[in-house]
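The values are calculated or read from the model by the stated rules, or taken from the named source; none is laboratory data. Computed from a prediction, not measured in an experiment: that's the story for all the values here. We place every Cβ from the backbone using ideal geometry, glycine too, and count neighbours over all the protein chains shown.
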Amino acid sequence: MRKGQGILVAVVLSVAATAPADAQDRSWQNRWYWGVQAGAYAFSASGTHVGVAAGGHWFITAGRSALYLAYDQILFDQINNHTISTGQQINFGTSQRFQATIYAIPSDSKLQVILGGGFSIQRITDAELVSPPTDANLSALDDASTKAFLVLSGGLQYRFHSRWAFYGQYQYQPASSGFVITSEHQTLTFGIRYNLTNSDEAVTTQR
């Protein structure tokens, strides 16, 4: 994963440095894109686990930035006897993530670098205790099943046929001892989005 992060950073910096200044097309600005995405989600608590992430998003662009609002459903092979910070052992297999991320988009070219940060709320939806439940450990499990995270993200977007864009992005969430998944989280996703409408309206004044 660390090698992959280094390669991604190198590619992003290379594209940013070589983007042609004369290939300017601002038709992507002030638009409201709707899209879908899918990819791999990985964490390393109690061993390395890789799940499948899929969902939908809005990508609302401004002059040199965009707001990314997304939902992802994450599916793992069933993870059994996973020990959380309270010492309890649980089984789980699915998670949901909602996120809001702000991206900087420095180029108007067809191939664009996207770099940003934001936050996510992640929830383990099917956590079950291995031992017989009590009110106290059920309450502790409920607290550990939902957590807010910082998100750091970077990737590339390619625009085509005036309204469409294909993108790939890497996202990183830091470790948290208070969450069911105590290690860092890493996601690599690819998606497609369509420019459905403008995100602003022209205002005219008649005299």
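Give me a count of the residues in the stretch 105-161 that are under 25 Å from Ile90 (Cα atoms), outside any strand (DSSP E or B) and free of Cβ contacts under 8 Å to residues at least 60 places away in the same chain. Residues in the stretch 105-161 being under 25 Å from Ile90 (Cα atoms), outside any strand (DSSP E or B) and free of Cβ contacts under 8 Å to residues at least 60 places away in the same chain: 18 in total. Is it the case that some residue within the stretch 24-34 is charged (D, E, K, R), modelled with pLDDT under 85 and at negative phi? Yes, that holds for at least one residue.
Contact annotation: residue pairs with Cβ atoms under 6 Å, 6 or more positions apart or on different chains, pairing a residue in the stretch 80-96 that is within 17 Å of Gly51 (Cα to Cα) with a partner that is among the basic types (Lys, Arg), are Gln96/Arg123. Those residues that are within 16 Å of the chain's Cα centre (by Cα), closer than 17 Å to Gly63 by Cα and surrounded by 19 or more Cβ atoms within 10 Å (Cβ to Cβ), I need them from the stretch 101-148; list them, please. Of everything in the stretch 101-148, those that are within 16 Å of the chain's Cα centre (by Cα), closer than 17 Å to Gly63 by Cα and surrounded by 19 or more Cβ atoms within 10 Å (Cβ to Cβ) turn out to be Thr101, Tyr103, Val113, Ile114, Gly116.
Out of the stretch 71-109, which residues are of a type in the set (Phe, Trp, Tyr) and over 21 Å from Phe190 (Cβ atoms)? Spell out how you get there, then give the answer.
Within the stretch 71-109, the subset of a type in the set (Phe, Trp, Tyr) is 71, 76, 92, 98, 103.
Answer for the stretch 71-109, where residues must be of a type in the set (Phe, Trp, Tyr) and over 21 Å from Phe190 (Cβ atoms): just Phe92.
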